[in-house]
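Notes follow the structure.
The values are calculated or read from the model by the stated rules, or taken from the named source; none is laboratory data. What you see is a predicted model, and the numbers here were worked out from it, not measured in a lab. Glycine also receives a Cβ, built like all others from the backbone with ideal geometry; neighbour counts cover every protein chain displayed. Just the protein is used for accessible areas: all its heavy atoms, side chains included, with ligands, DNA and RNA removed. Shrake-Rupley method; radii C 1.70, N 1.55, O 1.52, S 1.80 Å.
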Amino acid sequence: MPEPTRVLDATFVAGAPNLAALPPPTLAEVAFAGRSNVGKSSLLNAVMQRKSLARTSNTPGCTRQLNVFAVRCADDLSVHFVDLPGYGWARRSKTERAEWQAMIEGYLRRRASLRAVVVIVDVRRGVEEEERQLIDFLAGPREVSAAKPIEVILVATKLDKLGAAARKPALAAVRKGAGGAVVGFSAVSGEGSEELWGRIRTAVL
Ligand code: GTP
Ligand code: MG
């Protein structure tokens, strides 16, 4: 068994309202995407081993900027994590949604240091139309020269909301809907964190 991941430093670097405000692409970057309220910020805190570095909330649509964190692990792995604003927030105006889409798509297409996108779904809902669109979008051509395509890491979170007997079939259903591997996760229990770190490591190294 490899050593469990130990996060030595995790710091907030920037809250970017647009792409020009992002820090220079000096570190390999992993972005976290999913619909509003799915648990992106909570997952980030669990993975960064910090209680409340990424802001979490009961109000969907809380994260509106590209929030960038720098994370350094005991094994010398250094990465940027980017908490993306959630999609599917119906109460936003049409203009706001169009601006959001342009910003996210620009980020995904043009961020040279972006290596992987963690696509987060609720284990009780699985992959729906929005996630499928996102995954298809990520398979499209990038507008920067990059050595490798962007890796998609699918995570089914809020596993703790299900009883022990319901977990396996729920994860199997998500896997089937996605047509690929899925990491089961809970920000409450912390399960899945090490598996996710394994996937992140493989994607950035
Ligand atoms: P936006 O930034 O608004 O898009 O939301 P988000 O995706 O960052 O979600 P956030 O982490 O703020 O969590 C939304 C709500 O779900 C909060 O009330 C969290 O406490 C709760 N939550 C997140 N992850 C889990 C989990 O693994 N288990 C349980 N039971 N609740 C969770
Ligand atoms: Mg958030």
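Assuming charge only on the beta carbon of Lys and Arg (+1) and of Asp and Glu (-1), the dipole of the chain about its Cα centre is about 440 debye to the nearest 20.
So what is the 222 nm mean residue ellipticity for the chain from helices alone, if each DSSP H run of at least 4 adds -39500 (n - 2.57) and you divide by all residues, rounding to the nearest 500 deg cm²/dmol?
The helix contribution divided over the chain gives -9500 deg cm²/dmol.
Helices of the chain meeting both criteria, an alpha-carbon length of 20 angstrom or more along the long axis and an average Kyte-Doolittle score not below 0.0, with helices taken as full DSSP H segments, are 164-178. Using the Cβ of residue 19 as centre and a radius below 9 Å, the other residues enclosed give a net charge of +2, where K and R count +1 and D and E count -1.
Which shape class, rounded, prolate or oblate, goes with the range 122-175 when its Cα gyration tensor gives a ≥ b ≥ c as root eigenvalues, a/c under 1.5 marks rounded, and past that a/b bigger than b/c marks prolate? Prolate, because a/c is 1.5 or more and a/b exceeds b/c. Classified by the C-alpha gyration tensor, the chain has a rounded form. Its axis ratio a/c, with a ≥ b ≥ c, is below 1.5.
Determine which residues of the range 183-205 fall in the zone a paramagnetic label at residue 164 would reach in this model, i.e. backbone nitrogen under 18 Å from the point 7 Å along Cα→Cβ. Of the residues in the range 183-205, 185-186, 189-192 have backbone N under 18 Å from the label point off residue 164.
Partner aspartates and glutamates whose Cα lies under 17 Å from the Cα of residue 94, excluding those fewer than 8 positions away in the same chain, are identified as 105, 130.
Can you sort 161, 168, 51 by 1.4 Å-probe accessible area, starting with the largest?
The residues order as 51, 168, 161, largest area first.
By a straight-distance test (C-alpha under 21 Å), which lysines pair with residue 176 as possible cross-link partners, with residues fewer than eight away in the same chain excluded? Candidates past the 8-residue exclusion: 158, 161, 168.
Hey, any idea what % of the chain's accessible area is carbon plus sulfur with a 1.4 Å probe? Please report the intermediate quantities before stating the final value.
Working: 5420 of 10390 Å².
In the chain, the share of accessible area belonging to carbon and sulfur is 52 percent.
Anisotropy class assigned to the range 93-160 is oblate, per the alpha carbon gyration tensor with a/c at or over the 1.5 cut-off and a/b no larger than b/c.
DSSP beta bridges confined to the range 7-204 are antiparallel in about 40 percent of cases. Placing unit charges on the Cβ atoms of the charged side chains and taking the dipole of the chain about its Cα centre, the candidate lying farthest along the positive direction among 44, 87, 147 is 87.
Relative contact order for the range 7-204: what is it in percent, counting Cα pairs under 8 Å that are at least 6 residues apart?
23 percent
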